[in-house]
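*Asks:* Before I ask anything, let me first share the structure, which is written out below as structure tokens.
The values are calculated or read from the model by the stated rules, or taken from the named source; none is laboratory data. Being a predicted model, the structure only gives us computed values, none of them experimental. Don't worry about glycine lacking a Cβ; one is built from the backbone with ideal geometry, like all the others, and counts go over all protein chains shown. For accessibility, only protein heavy atoms count, side chains too; no ligands or nucleic acids. Shrake-Rupley method; radii C 1.70, N 1.55, O 1.52, S 1.80 Å.
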Amino acid sequence: MISSLKGNNTLEKLELEGNTLGPKTAKALGLLLRTNTTLKHVNIENNNLTLNGEDVSGVRELARALGTGRNRNVDLHYFNMNNCCLNEACGRELEFNMRENFTLIMLDIENNKNMNYKDVRKI
């Protein structure tokens with residue numbers, strides 16, 4: 001489904017809450033967000049994006065897409081990763097990559113009990 005959005009030039013809101021998404025889908029979404037300029041609102045809450053902490057590669061790609069560098073998304077304003085089994089490694093990735101993101105208005109990372117909240121506060 002994510003690959004079908006590559007040519008998207010109209011969809012602004014993507015709601016994928018509770019769809020059993022995992023690291024592979026998160027990684028594909030991260031790659032998509034690097035080039036998509038129409039999505040403003042993405043909700044992927046209630047998905048096990050890390051396979052209970054075993055694989056953070058998808059969240060790493062999402063963080064990179066939102067973060068610094070030439071290939072980052074500057075159009076997204078709302079991103080919801082509430083209750084997605086994020087852990088300390090995810091928190092560090094988000095903290096590091098979000099340092100220069102001034103366009104994202106809301107990042108919801110609540111209910112991820114294995115995150116280090118010192119990293120969360122830095123975001």
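*Asks:* Return the residues of the stretch 72-110 that are touching a Ser or Thr at 6+ places or on another chain (Cβ under 8 Å) and not in a loop (DSSP other than H, G, I, E, B); say none if nothing qualifies.
*Replies:* Hits for the stretch 72-110 are 87, 90, 97.
*Asks:* Step by step: first the residues of the stretch 16-54, then only those that are part of a helix (DSSP H, G or I) and either of a type in the set (Gly, Ala, Ser) or open to solvent by 80 Å² or more (accessible area, probe 1.4 Å) (or both), then the one that is nearest to residue 115 (Cα to Cα). Which residue is that?
*Replies:* Among those residues, the one meeting the criterion is 26.
*Asks:* Now for a separate question. Could you check the stretch 1-24 and list, in sequence order, the residues that are more than 17 Å from residue 48 (Cβ to Cβ) and among the basic types (Lys, Arg)?
*Replies:* 6, 13
*Asks:* Next up: Only residues that are within 13 Å of the chain's Cα centre (by Cα) and open to solvent by 30 Å² or more (accessible area, probe 1.4 Å): list them for the stretch 93-102, please.
*Replies:* Once the filter is applied, which keeps residues that are within 13 Å of the chain's Cα centre (by Cα) and open to solvent by 30 Å² or more (accessible area, probe 1.4 Å), the stretch 93-102 yields 93, 95.
*Asks:* Return the total of residues in the stretch 64-87 being crowded, with 17+ Cβ neighbours inside 10 Å and charged (D, E, K, R).
*Replies:* 2
*Asks:* Exactly one of (1) within 11 Å of the chain's Cα centre (by Cα); (2) surrounded by fewer than 23 Cβ atoms within 10 Å (Cβ to Cβ) is unmet by residue 58. Its number?
*Replies:* The one condition residue 58 does not meet is (2).
*Asks:* I need a count of the residues in the stretch 66-97 that are modelled with pLDDT under 90 and either hydroxyl-bearing (Ser, Thr, Tyr) or more than 23 Å from residue 24 (Cβ to Cβ) (or both).
*Replies:* Here the count works out to 3.
*Asks:* Residue check: is residue 19 of a type in the set (S, T, N, Q), farther than 17 Å from residue 88 by Cα, touching a strand residue (DSSP E or B) at 6+ places or on another chain (Cβ under 9 Å) and at pLDDT 90 or above? Show your work before the answer.
*Replies:* Working: of a type in the set (S, T, N, Q): yes; farther than 17 Å from residue 88 by Cα: yes; touching a strand residue (DSSP E or B) at 6+ places or on another chain (Cβ under 9 Å): no; at pLDDT 90 or above: yes.
Criteria not met by residue 19.
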